[in-house]
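Worksheet: one structure, shown below.
The values are calculated or read from the model by the stated rules, or taken from the named source; none is laboratory data. Everything numeric here is computed off the predicted structure, so don't read it as measured data. We place every Cβ from the backbone using ideal geometry, glycine too, and count neighbours over all the protein chains shown. Side chains included, ligands, DNA and RNA excluded: accessible areas come from the protein's heavy atoms. Shrake-Rupley method; radii C 1.70, N 1.55, O 1.52, S 1.80 Å.
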Amino acid sequence: MKNNDQALAAFMDKIAEATERLAELKNYVDDHMGESPEDINWGHVGSAEYMVSKLTELTDWAFQRGEYEK
């Protein structure tokens, strides 16, 4: 039982860390990735595409879509 309690505590710590990172990322996106809309160029589009590709990988993994589909 103790091992499960330790695993649960470690899991909850990681969930808290993930929640923090998600909030931080949400703020970053809401702030146009720290850029002024009038300064956006195609390099920024590439950066946004990169972020979306990483997020898509994570959501596909979490919801078993795409290459993670069972």
Looking across the stretch 6-16 at residues that are open to solvent by 70 Å² or more (accessible area, probe 1.4 Å) and farther than 21 Å from Leu58 by Cβ, the single one that is nearest to the chain's Cα centre (by Cα) is Leu8
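For (1) exposed (fewer than 10 other Cβ atoms within 10 Å of the Cβ); (2) in a loop (DSSP other than H, G, I, E, B); (3) in contact with a helix residue (DSSP H, G or I) (Cβ under 9 Å, 6 or more places away or on another chain), each residue gets a yes or a no:
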| site | (1), (2), (3) |
| --- | --- |
| Ala18 | no, no, no |
| Leu22 | no, no, no |
| Leu25 | no, no, yes |
| Tyr28 | no, no, yes |
| Glu38 | yes, no, no |
| Val45 | no, no, no |
| Ala48 | no, no, yes |
| Met51 | no, no, yes |
| Leu55 | no, no, yes |
Going through the stretch 60-69 in order, the residues found to be surrounded by 10 or more Cβ atoms within 10 Å (Cβ to Cβ) and in contact with a helix residue (DSSP H, G or I) (Cβ under 9 Å, 6 or more places away or on another chain) are Asp60, Trp61, Arg65, Gly66, Tyr68
